[in-house]
1. Contact order normalised by length for the stretch 35-95, with contacts defined as Cα pairs under 8 Å and 6 or more residues apart; what percent is it?
2. In vacuum, with every alpha carbon of the chain counted as one equal point scatterer, what does the Debye formula give for log10 I(q)/I(0) at q = 0.09 Å⁻¹? Two decimals, please.
3. Once the piece of chain linking H182 and C26 is laid out straight, how much longer is it, given 0.36 nm per residue of separation minus the C-alpha distance between them?
4. Please identify the trypsin sites (Lys or Arg not before Pro) of the stretch 75-121 that satisfy two criteria: DSSP loop assignment and at most 11 other Cβ atoms within 10 Å. Which are they?
5. Once both axes come from the Cα atoms, what is the angle between helix 124-135 and the longest principal axis of the chain, in degrees from 0 to 90, rounded to 10?
6. How large is the translational diffusion coefficient of the stretch 32-141 in µm² per second when you combine the Kirkwood radius over alpha carbon pairs with Stokes-Einstein at 10 °C and 1.306 mPa s?
7. Can you give me the Rg/Rh ratio for the stretch 3-96, using Cα atoms for both radii and the Kirkwood formula for Rh?
8. For a Förster distance of 35 Å, can you work out the FRET efficiency between the beta-carbons of I122 and T74, rounded to the nearest 0.05?
Amino acid sequence: MNIVKGASFIKKGRVFDDVFACYQCCKCSAGCPVAFAMDLLPHQIIRHLIYHDTEKALASHTIWMCASCQTCNTRCPNEIDIAGVMDELRHMHIQSGRYPAEPATPLFHHTFLNEIQKHGRIHELSLMQRYTFKRRKLPGKGNLQDMLYDMKLGLKLFLRGKISLWPHRGRSRSEVAAIFKHEHGNKKT
Ligand code: SF4
Ligand code: SF4
């Protein structure tokens, strides 16, 4: 148990204070569509936070598997923002500079945001190329299989005309650039 980390965690605000209302009814976990892929179920993440064991939550695969669908939030009888807690845990993890349990997920987010910053919108082909190229360096047995699956899927989409060869510049490119400038001081994501 990491009391120090837990204590700083609790100071962070309402989304964390809410976890103390949890009475472990498990409705969040029972409704979560990606619970099958999680190592800790949503109610277990909340339980660790209640016991100030932030480290266990941060080290889990769960925080990267969560799809932010908010099903848990709508099912929780105590209106706990579980999706918000997952979001904040991901944020804390990235800020800590540690290696994530599911490295492909933050890599995809990073590549996705880079694409938005560059074109003002997503160019699927470029996103897939960059993501696949960076992903090849990640450790993990299933990586190659996943990459081949993604490539096959990309080819199918291309052949059906769902992916264009060239990027389209988004009309709101300057507004998007302003958002990135505000958030990152004009640095790349
Ligand atoms: S649904 Fe809400 S109260 Fe029930 S276990 Fe999940 S977070 Fe706790
Ligand atoms: S927001 Fe995350 S934890 Fe909640 S139900 Fe969706 S995938 Fe599961």
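1. Numbers: 48 pairs, mean separation 18.6, N = 61.
Result for the stretch 35-95 is 30 percent.
2. Each listed q corresponds, in turn, to -0.42.
3. Details: separation 156, 0.36 × 156 = 56.16 nm, distance 3.92 nm.
Using 0.36 nm per residue and subtracting the Cα-Cα distance, I get 52.2 nm.
4. On the way: sites: R75, R90, R98, K118, R121; in loops: R98, R121.
Sparse-neighbourhood loop trypsin sites (Lys or Arg not before Pro): R98.
5. Its long axis makes an angle of about 60 degrees.
6. Details: Rh = 15.3 Å.
Here the translational diffusion coefficient equals 104 µm²/s.
7. 0.92
8. Numbers: r = 28 Å, r/R0 = 0.80.
Plugging the Cβ-Cβ distance into 1/(1 + (r/R0)^6) gives 0.80.
Computed from the coordinates by the stated procedures, all read-outs in this text should not be read as laboratory data. Here the structure is a predicted model, which is why all the values come from computation and not from measurement. Virtual Cβ from ideal backbone geometry, glycine too; neighbours counted across all protein chains shown.
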